[in-house]
Amino acid sequence: MEQSKIGIAVVGTGFGQKVHIPGLQAHPRTEIVAVYHRDLDKAKDIASANNIPHACNKIEDIVAIPEVQGVSISTPPFTHYEMAKTVLQASKHLLLEKPTTLVASEARELYHLAGKKNAIALMDFEFRFVPSWQMLAEMLSAEYVGQKRLIKIDCLMSSRADATRPWNWYARKDQGGGALGAIGSHIFDYISWLFGPVRRLCAQLSTSIPTRLDPTTGEMKPVDADDTCTIVLELADGTPCQICISSVTYQGRGHWVEVYGDRGTLILGNDTQKDYVHGFRLWAAPAGKNLTEIEIPNRLNFPQNYTDGRIAPFIRVVDQWVQGIDVGEAMTPSLREGVYSQLLMDLAHQSNEFSKWVEVPDLEDFL
């Protein structure tokens with residue numbers, strides 16, 4: 001028996017237009033019935049170009065459309081809390097981009113609101129759905145490395161290395177800009193997924209390019225959002241974890257996760273700067289042996305690849321969302337995972353501000 005389509009509104013048309021719209025249109029169970037842009041004429045143009053029946057420039061108008069059952073939000077971080085709250089208060093399902101909100105207390109409020117309204121809310125933490133990452137998770141679960149000795153994570157990119165790149169919200173800490181929000185939100189989520197909770201952390205956040213040109217005023221404006229982060233974590237099981245993030249490293253080595261244990265080593269890496277999905281490869285070595293590349297089994301591979309590598313894992317995120325909507329239960333990664341990622345980011349900012357280690361509370365206690 002054919003299952004009915006779920007009507008979705010897409011809110012945000014940057015990443016939303018590149019990934020959410022094609023991903024939702026490709027999924028067999030979702031139908032985009034509305035699109036939001038703060039400029040109504042642009043919303044209408046995007047709707048027309050993608051055969052979407054409704055165009056709106058107010059989130060209240062989006063949730064008032066009867067056909068809208070769920071809303072995907074991919075607007076800048078400083079808009080997430082109010083928009084997501086409006087969606088959940090209307091008892092609509094929610095698919096939210098990271099970082100979750102600006103502070104963990106807002107994320108926690110959304111988590112409880114989703115539960116109260118029986119709305120299924122999912123975070124777009126797409127690394128969980130990339131084949132090579134899923135293989136890494138399986139090998140870690142099988143105790144391939146044994147007792148973990150060190151976890152080392154690098155994400156060294158050049159996306160903002162050009163100092164002439166213009167000033168916008170990304171340059172502002174108070175609007176959720178910076179490398180920690182853009183990249184660290186993912187890293188904190190997959191650390192929890194792959195390795196478990198964090199006991200304490202110590203972070204240093206810095207800004208290499210202190211001013212950028214505001215294209216609307218022609219003035220140089222200050223940048224207070226971080227572009228480089230070095231973070232040390234101690235996991236709940238005692239394993240040390242080192243993280244280095246930068247968005248200003250020309251010829252940076254890309255994104256790498258190295259796990260060293262007493263029985264072996266696992267290394268997942270992608271040295272490309274353009275596509276953070278297609279480029280990942282996984283290597284493994286038993287203790288004392290050379291690294292060899294692991295072939296990813298077909299059962300984990302995407303059924304279809306896209307020119308933009310972000311679309312295929314996003315479709316798997318939508319799969320999770322749809323399953324949750326069908327059974328009426330929150331699926332991972334839910335707002336619960338979004339709260340934890342945001343909490344760790346908050347504590348990283350706190351650690352940087354006071355130049356000290358900070359303890360990480362148990363998530364259950366925080367919720």
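Miscellaneous remarks
- Region 216-242, subset among the hydrophobic types (A, V, I, L, M, F, W, C) and open to solvent by less than 10 Å² (accessible area, probe 1.4 Å), residue nearest to Leu201 (Cα to Cα): Leu233
- Boolean, Asn305 is modelled with pLDDT of 95 or more and in a loop (DSSP other than H, G, I, E, B): no
- Flag if Gly288 is farther than 26 Å from Cys155 by Cβ and open to solvent by 80 Å² or more (accessible area, probe 1.4 Å): yes
- Pick from region 256-309, criterion of a type in the set (Ser, Thr, Tyr) and within 19 Å of Glu143 (Cβ to Cβ), ranking: farthest from the chain's Cα centre (by Cα): Thr292
- If only residues of region 249-271 that are under 25 Å from Ser208 (Cα atoms) and assigned to a loop (DSSP other than H, G, I, E, B) are counted, the one that is most open to solvent (accessible area, probe 1.4 Å) is Gln251.
- Only listed residue being closer than 25 Å to Asn352 by Cα and of a type in the set (A, V, I, L, M), chosen from Ile267, Ile296, Ile209: Ile209
- Helices (runs of 4 or more DSSP H) lying entirely in region 21-127 (those with 1 or more residues that are over 14 Å from Gly7 (Cβ atoms) and in contact with an Asp or Glu (Cβ under 7 Å, 6 or more places away or on another chain)): 80-89, 104-117
- Candidates are the residues of region 317-330 that are open to solvent by 40 Å² or more (accessible area, probe 1.4 Å) and not polar (S, T, N, Q); the one that is nearest to Lys5 (Cα to Cα) is Asp326.
The values are calculated or read from the model by the stated rules, or taken from the named source; none is laboratory data. Predicted model only: the values in this text are computed from it and were never measured. Cβ coordinates were reconstructed from backbone atoms using ideal geometry, including for glycine residues, and neighbour counts include every protein chain displayed. For accessibility, only protein heavy atoms count, side chains too; no ligands or nucleic acids. Shrake-Rupley method; radii C 1.70, N 1.55, O 1.52, S 1.80 Å.
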